[in-house]
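The values are calculated or read from the model by the stated rules, or taken from the named source; none is laboratory data. Just so you know, these numbers come straight off a predicted model, no measurement behind them. Methodologically, a virtual Cβ is constructed for each residue, glycine included, from the backbone with ideal geometry; neighbour enumeration extends over all protein chains shown.
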Amino acid sequence: MAFTPTIGLEIHAELATATKMFCRSKNDPDEERPNANVCPICMAHPGTLPVVNRDAVKHVLRVGAALGGALAGQSEFDRKSYFYPDIPKGYQISQYEHPLVAGGELAGVAITRVHLEEDTARSTHTPAGTLVDFNRAGVPLMELVTEPVIQSAEEAGRFARALQLLLRTLGASGANLEKGQMRVEANISVSRDSSVYGTKVEVKNLNSFRSVERAIAYEIERQSRVIEEGGAVVQETRGWDEGRQQTFSQRLKEGSADYRYFPDPDLPPLRLSENPELTPEAITATLPELPAARRARYAERYALKAGDIEHIVNSVERSAFFDALAGELAGDAALVQIAANYLVSDLTGIYAKRGGESYAALDPKAFAALVRMIAAKELSSRGGKDVLALLVEEGGDPRELATKRGLLLLRDAAALQGFADAVIAAEPGAVAEYRGGKQAALEYLVGKAMQASRGAGDPGELRELIASRLTESR
């Protein structure tokens, strides 16, 4: 009998603020020196008091507004008590009963809540012992909890990717999983009866989308096998072993009572409704164009292919460059479609060879001029790709680059006819195949003519000239 999986996600994201959550120590995810960004507050020295980071609160509220959630008029912070070496105070400042955001939806997945807390320090385990770096301790951390409505590993992966894109679009977080700026935890259960939840197992600290999907798929299979063999799934916390591609038991799962939540006496309630900048209306007014709206705009205004739209929208930097490029082309849909094709296929390939994608040095005006040259048939497709590569490597004016390297298409009809005639004379075998009905032979002849013209011939015109001459000479 088939099992029905039920999955809920808890996703943490470090927020992009200048300072930590409750002190003025620098929030720098790229700091490599251990314990460089610390102070008496984030190290929990006696007598120190926390002060809430306003920008962190605003980031979470903007995320909530983008999700369509209900923004709190009043919120408060709680102490979540548990001992671990990476928590200086012996408790974490978090939110329990009064989160900043309730409800919402993203990628078809219902959201339970979004709240704000502080991150822990980073522990490094060595043969000689455990080292603790407190640079991360106290960094603002957003936690988003979904409803248990996800039903497959692939759906969980799609949601996590959509959230990463949203966070980057809002400027709320870099959301880089490799750097630990975004971390995914999955709660997974299986049941034979879809109306009843099975025993929940949590898989923690998944640091890549592939790991999220593989860990969930493995856990669904493992739990199903346990039940089929007559066993019972244990409610526990498990880790993911990337090398072995399997989960492993870490500890029994704690409940909320174990954390002994209570309101933090050092932090008064946040009366958000009394602050004009933090009301739902004010927060919503600060939102940029969101990914869903951008997808709809690209489809409606430029009639781009769905795959091209997804490729462009999935990078904030890429979509910003594309919008600048479309602006340089005055929104002409036909030209923008050509631009999108070169950006998605050729420019992506160029950046892949370079080992990184960066649009800072690529001038959208120059790219637009190149697109106009291609549309006017001043450059062949091959020539356009070559000039684009030069724009990335060297910059400059596309016409000057094409002229200097002899890439402009030849417009001399007599010269083109000469290339066509020379190829027909030099390739009697291909000529015979074409006359025998093999259309591919014509493309071979066109390719040879393009080689003879060093890419300066228009392949369309050469095709017509060769086909016409072969038809005449039959």
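Looking at LEU9, LEU100, which is the one that is assigned by TED's automatic domain parsing to the domain that holds LEU267, farther than 14 Å from GLY138 by Cα and touching a His at 6+ places or on another chain (Cβ under 7 Å)?
LEU100
When you go through ALA186, ALA160 one by one, which is the residue that is touching a helix residue (DSSP H, G or I) at 6+ places or on another chain (Cβ under 9 Å), assigned to a strand (DSSP E or B) and surrounded by 18 or more Cβ atoms within 10 Å (Cβ to Cβ)?
ALA186
Picking from ALA293, ALA330, which residue would you name as being surrounded by fewer than 17 Cβ atoms within 10 Å (Cβ to Cβ) and under 28 Å from LYS58 (Cα atoms)?
Answer to the check: ALA293.
Can you give me the number of residues within the range 233-261 that are loosely packed, with under 13 Cβ neighbours inside 10 Å, outside any loop (DSSP other than H, G, I, E, B) and in contact (Cβ under 8 Å) with a residue 24 or more places away in the chain?
2
Select, from PRO140, PRO88, the only residue that is at pLDDT below 95, within 26 Å of TYR261 (Cα to Cα) and not aliphatic (A, V, I, L, M).
The match here is PRO88.
Being over 22 Å from ARG79 (Cα atoms) and basic (Lys, Arg) is the filter here, so list the residues in the range 16-45 that pass it.
Once the filter is applied, which keeps residues that are over 22 Å from ARG79 (Cα atoms) and basic (Lys, Arg), the range 16-45 yields LYS26, ARG33.
In the range 38-81, what residues are within 30 Å of LEU287 (Cβ to Cβ) and either more than 33 Å from the chain's Cα centre (by Cα) or part of a loop (DSSP other than H, G, I, E, B) (or both)?
Passing the criteria: PRO50, VAL51, VAL52, ASN53, GLY68, GLY69, ALA72, GLY73, GLN74, GLU76, PHE77.
Output the qualifying pairs, or none if there are none: Cβ atoms under 6 angstrom, residues six or more apart or on different chains, first residue in the range 270-284 and in the same structural domain as PHE77 (by TED's automatic domain parsing), second residue loosely packed, with under 15 Cβ neighbours inside 10 Å and not in a helix (DSSP H, G or I).
What qualifies is ARG271/GLN74; LEU272/GLY73; SER273/GLY73.
Determine whether GLU357 is among the charged types (D, E, K, R), modelled with pLDDT of 95 or more and within 30 Å of LEU67 (Cα to Cα).
No, not satisfied.
Of the residues LEU343, LEU335, LEU304, LEU347, which single one is buried (at least 20 other Cβ atoms within 10 Å of the Cβ) and not in a helix (DSSP H, G or I)?
Only one candidate qualifies: LEU304.
What residue, of GLU76, GLU10, GLU32, is surrounded by fewer than 21 Cβ atoms within 10 Å (Cβ to Cβ) and within 18 Å of GLN164 (Cβ to Cβ)? Can you show your working first?
Working: GLU76 fails: within 18 Å of GLN164 (Cβ to Cβ); GLU32 fails: within 18 Å of GLN164 (Cβ to Cβ).
Residue meeting the stated conditions: GLU10.
Applying the selection to the range 82-98, what residues are assigned to a loop (DSSP other than H, G, I, E, B), over 28 Å from the mean Cα position of the chain (by Cα) and not small (Gly, Ala, Ser)? Steps first, please.
Going through the range 82-98, the residues assigned to a loop (DSSP other than H, G, I, E, B) turn out to be 82-90, 95-98.
Narrowing further to those that are over 28 Å from the mean Cα position of the chain (by Cα): 82-90, 96-98.
Across the range 82-98, the qualifying residues are TYR82, PHE83, TYR84, PRO85, ASP86, ILE87, PRO88, LYS89, TYR96, GLU97, HIS98.
Regarding GLU219, is this residue in contact (Cβ under 8 Å) with a residue 24 or more places away in the chain, in the same structural domain as ASP78 (by TED's automatic domain parsing) and within 24 Å of ASN176 (Cα to Cα)?
Working: in contact (Cβ under 8 Å) with a residue 24 or more places away in the chain: yes; in the same structural domain as ASP78 (by TED's automatic domain parsing): yes; within 24 Å of ASN176 (Cα to Cα): no.
Against the criterion (in contact (Cβ under 8 Å) with a residue 24 or more places away in the chain, in the same structural domain as ASP78 (by TED's automatic domain parsing) and within 24 Å of ASN176 (Cα to Cα)), GLU219 does not qualify.
Return only the number of the condition from (1) within 18 Å of the chain's Cα centre (by Cα); (2) surrounded by fewer than 16 Cβ atoms within 10 Å (Cβ to Cβ) that PRO127 does not satisfy.
With respect to (1) within 18 Å of the chain's Cα centre (by Cα); (2) surrounded by fewer than 16 Cβ atoms within 10 Å (Cβ to Cβ), PRO127 is out only on (1).
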